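The values are calculated or read from the model by the stated rules, or taken from the named source; none is laboratory data. None of these values were measured; they are calculated from a predicted model. Using ideal geometry, Cβ is built from the backbone for each residue, glycine included, and neighbour counts are taken over all protein chains shown. Keep in mind that these areas ignore ligands, DNA and RNA; they rest on the heavy atoms of the full protein, side chains included. Shrake-Rupley method; radii C 1.70, N 1.55, O 1.52, S 1.80 Å.
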Amino acid sequence: MEVTDIGNKEEGKVFKSTQRHWILTVARTAQQGKTVRFLHVAFDTTGDSFLAGDHHGNIYVFDISRNRFRLVQKTGQACTALAFTLRRTTEFLVALADYTVKCFDKDTKQLVSWMRGHEGAVSSVSVHSSGRYAVTTSSDTAQLWDLDTFQRKRKLNIRQSVGIQRVFFLPHSNTILSCFSDDSIFAWESDTLFCKYQLPVPDCGPKVSYKAFAVTRDGKRLVAGGRSNLLHMWCLDSQELVRVIQMPTQVRTVRQLEFLPDSFDGGASQTLGVLSQDGVMRFIHIHTCKLLFHMGSHDGAITTVAVSPNGRHVVAIMDNGSINIYNVQCLTQELNKPPPSRVAVVSDGDQELSNLKVRVRSEVVQRPAMSLARKQVKVLRPPAVSTADDKENELPAGLNKKRLVALLKTFGEFPAKYRMFVWRSLLCLPENHAAYSSLTDKGLHSAYLTLHNRYPIKSLKLQRGLQRVLSALGHWAAIFGEVEYLPLVAFPFVKLFQNNPILCFEVVATVIVNWCQHWFEYFPNPPLNILNMAENVLAHHDKELLQHLVDCGITSQLYVWPLLETLFSEVLTCDEWLRLFDNIFSNHPSFLIITCVAYITCCREPLLLCSQKQDFEYFFHHRNNLDVGAMIKEAYRLLSCTPADIHPRTLLSDFTPLTKGQYPVFNHYPEFIVEYQSQEREKIRLQEKEYLRERQEVSALRADFVRRNAEEETYYTQQELLQKAEEQRRKILAQEEEKLSQQRTKLTAMKRELKVKEIQLLDASRRRFLKHQQDLRASQIQRLDQEIGRKMDLRERETAAAVEDLEVRQMELEAQRKRLEQHMLKEQEHVGREVEEEVEMRMRKAEREEESFTELLHRTETNILEESLADACQLGLESDWQRDVAERLQRVDAEQERKRERLAALHRQTLAEEERLADTMRDVAGRKSCPVWASMWYYSVLFVSDEHTRHTRMRSPGWTGGLPHRPGAGASAAHVGTNGAGRPIRPNTAATPRQAGTNTVCLNSSSPSESTATNFSLDRGRAKLDSGERELLKEIRELRQKLAARGREGSSASSQSVRTLSSVSQ
């Protein structure tokens, strides 16, 4: 076993030695010896290359045939699934851990597309056989993608209770199989998602819980397994369960199922690989149920497996994260062998489940009980003793040519299932992989680069396969690059072996070497010698038909060569062609020429009816109503009845297989002509290449010239359009400007009109306002005039009434004069005493208020000073604080002194006002005619001034004495009388002591004007004194509030100083 550690390399060799081992281990060791695990692998359509993704997100391509590996992508995250069978062979799909699917190109390493839509990890990616569609599956949904546009076409949603196990395409069909967690299996049409059928699941027996699925390459059988050692196999054509296979007891759970393809089984794969929970993959034969071989062990367990489409290699990811590449031919010799000698029908479609169950054993092959409905079993028994002739007829892989010919003559054709295997044995194909790889490594032959132009094929895969095989033939021999009809010869085999190019090449090469002998001696003309052979045989067996052809001018190049150069592929159907070549490959190479003559003779009647050359050309290039079985019998008859002198067998060599290791040299052609033609072709190719280059340059110049002309025309057109547009815009702008100017003119006129209207409105409103003001003032003046007239009338009436009252009063006063004088004396005494008592009471009250205020002020100042001094003494304050307190007290005393001075000034001002008032009253009294009114005015003024003086002294802070008692003061202090109406007049003022003794009121005068003086009010001076008193009291209150505020400020400052000193002392 060889081990390859790719490490951090981006490319290198897979096999280190030239000798290929049966197993190769590929590992990847990162830095510090850590192993990077591989997670998934996937093969391409050829089976020679596969992808591998590790959990670091690196994607590698391993090419087994070329012995190379290469890092093609770094995704940065682990992959969950891979697919490498897209229509464009350089592209591949990667499902990543972020629930997305990306498409990359392995050659350019570029991201082609990014597909999103899954909400869970993508567990599998299935690609359609055409490579155009893909189905991605997660646990909750499956989505169908178009790989040409990378758009989602369909989406399969399910219930949350039922999960999806797997969704995949059936090979070579448009059917999609979906397998769910409830063991239900449905088939859908991929185009319409129409449910075609549901596979039956056995109700009896243990529940399998399907987890793994596998389908044969022909898409006819499905095998499923799960949490059991039972495998269920269905026939998809009849939708019936045909077999239940029981694996050995070591198998408890099936993890993966894979069919191992065979090149010659026709797609009906018979070998099934079963990967179980123990990491061992067991390969069994699904018909014989024989255990063929196994891979893996308990120590080297396998986690997942990928099988190449050609069945040569198996790639397994091991439990340790490495990759094992197995060579299937080295693992077992059971594959690619002829079918067993005994052929029997094991069971019918309507058997019970118990009859379908078959056990798998290592050596013994068990079959189910035969159905009673089948009465006959056909057995082919070999002869007991082998002869020398049999040894000569022995073929590779244990077949015998004589027996195959007998079988062919019995059934008319080989079994379709084993036809490829039989052909491979009959032709003794060497399978020279190294030699074929050396031919394909040269690339496409120059003669077939433009093959698709001459032979357009709808299938790109088929076209690439034909191009590959023809290029390999061209590199093998130079003439095959010059032969025009070689694609017609190779196409049927390419279509038949499109999945195995090496077998296709070797079959075509064997046909050319043996059945195309002497074809190239007259190159580039048709093989005239071969055509003469066919014409001689036809002349011997049907002269009439040959004469008819000669008469019509039809040569062998027209009726034999079209059949040979196409190998009957144009005139026969696929099944007929396969039957024919079963017989051709089983006989001498001359059988092909005999078959051409047989075809012509079998079509004798329609050919005799044809007379035009076009009819013959059409006949030999199109299918005709011909029985192939009859033609083959005719060919065998001609083969046996043709004389030896004209028989093609005498001129053609026997069958010679291709040599092993290297292909034989092919030089049966005129080398000079071929070389000359190849040189000429090369010259023509070079000239054509040069012509194409020059043509391309001319085309480029012409395109450039056309482009420039178009650009120039476009430029001039654009300029003209721009000029026209500019002129139009200018016209539009001029029109707009004219409209704008007109609008501006209209707007200006409107503004002017509006302003004029506004001015008019303002003027009207101003005039209206002025008129209103005039009206108001006129009405006010009118009201004032009316008020003045009314007051004048009222005053005149009052004056008249007063005069009348005075006259009445004068008479009353005359009558009561004496009585009033007596009463006045008594009243004066009584009023004097009341006034003195009231004055004494007010003085005492003022003294008490003054004393309480002084005491409060002194107490407040004393308390503030004592508190400040005590705090200063206790805290050890300096003498500055004491001076500050003393200064504050001095300021308080100064403030009080200023207040006293202000009170004295107010007192002096009041006295001056009283004197001025007294002077005014004397002047007024002097104008009166009666001296009594003057004395009454004078005494009333004296009384007001004396009363104000007493009140001022009582409120003065420096006044402390009482009011001296003078005799006669009470009589002279007040004047009591009545007015003309008899109302008592209240004494409002009192005279000063010095004025009371000197001025005395005399009531003996009987002047008429004396009664009018009683209407004078003495309250005007009292109101002024009361207002002055209120102002003084207000100032005193403000002074007290200032003193209280200063006291509080001093206490707060002292407390703050105490706190400061305490903090300093601490």
Peptide ranges 652-659, 534-541 listed from the most packed, as the mean C-beta count within 10 angstrom indicates: 534-541, 652-659
What shape does the range 700-833 take by its C-alpha gyration tensor, where a ≥ b ≥ c are the square roots of the eigenvalues and a/c under 1.5 counts as rounded, a/b above b/c as prolate, and the rest as oblate? oblate
For residue 464, net neighbour charge (Lys/Arg +1, Asp/Glu -1) across residues whose Cβ lies under 12 Å away: +4
Share of accessible surface on carbon and sulfur in the range 527-592, whole %, 1.4 Å probe and ligands ignored, is 46 percent
Averaged per residue, the 1.4 Å probe accessible area of the range 105-213, protein heavy atoms only, in Å², is roughly 49 Å²
For the range 677-724, what does the accessible surface come to per residue with a 1.4 Å probe? Please give it in Å². 92 Å²
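What does the convex hull of the alpha-carbon atoms of the range 398-524 project to on average, in nm²?
Details: hull surface 36.5 nm².
Hull-based average projected area comes out at 9.1 nm².
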Taking the alpha-carbon distance from residue 109 and a cut-off under 18 Å, which lysines remain once sequence neighbours fewer than 8 residues away in the same chain are dropped? 9, 74
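What does the charge count near residue 305 come to, summing +1 for each Lys or Arg and -1 for each Asp or Glu among other residues with Cβ under 15 Å from its Cβ? Walk me through the numbers before you get to the answer.
Details: positive: 211, 255, 282, 312; negative: 258, 278, 319.
Net charge in that neighbourhood comes out at +1.
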State whether the range 799-842 is rounded, prolate or oblate according to the following rule on the C-alpha gyration tensor (a ≥ b ≥ c being the square roots of its eigenvalues): a/c under 1.5 gives rounded; otherwise a/b larger than b/c gives prolate, and the remaining case gives oblate. oblate
Any chance you could check the Cα centroid distance between the range 893-911 and the range 121-152 for me, in angstrom? 116 Å
Counting only protein heavy atoms, what percent of the accessible surface of the range 597-731 is carbon or sulfur at a 1.4 Å probe? 53 percent
How far apart, in nm, are the 7 Å Cα→Cβ label points at residue 650 and residue 544? 2.8 nm
Excluding residue 175 itself, calculate the net charge of residues whose Cβ lies under 11 Å from the Cβ of residue 175, where each Lys or Arg counts +1 and each Asp or Glu counts -1. -1
What Rg and what Dmax come out for the range 93-186 when only alpha-carbon atoms are used, in angstroms? 13.4, 44
Give me, ordered by chain and number, the residues 5 or more places off residue 79 or on other chains with an amide H under 5 Å from its own placed amide H. 57
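Express the relative contact order of the range 138-231 as a whole percentage, based on alpha carbon pairs under 8 Å and six or more residues apart in sequence.
Computed over the range 138-231, the figure is 17 percent.
Carbon and sulfur: what percent of the range 808-856's accessible surface (1.4 Å probe)?
Details: 1950 of 3750 Å².
About 52 percent, which is the carbon plus sulfur part of the accessible surface.
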Roll a 1.4 Å probe over the protein heavy atoms and report the accessible area of residue 544 in Å², nearest 10. 110 Å²
Amide H contacts under 5 Å for residue 256, restricted to residues at least 5 apart in sequence or on another chain and with H modeled in the peptide plane, are 275
Probe 1.4 Å, protein heavy atoms only - accessible area per residue of the range 497-640 in square angstrom: 37 Å²
Report, to one decimal in Å, the Kirkwood hydrodynamic radius for the range 552-654 based on all distinct Cα pairs. 14.1 Å
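In the calculated pair distance distribution of the range 497-594, what percentage of Cα-Cα distances lie above 15 Å? Before the final figure, lay out each step's value.
Values: 3251 of 4753 pairs.
Cα-Cα pairs of the range 497-594 separated by over 15 Å account for 68 percent.
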Quick check: Cα centre of the range 445-494 to Cα centre of the range 763-822, how many Å? 145 Å
Compute the distance in nm between two label points, each set 7 Å from the Cα along the Cα-to-Cβ direction, one at residue 815 and one at residue 860. 6.3 nm
Honestly the range 182-237 on the Cα gyration tensor test (a ≥ b ≥ c root eigenvalues; a/c under 1.5 rounded, otherwise a/b vs b/c for prolate or oblate) is just prolate
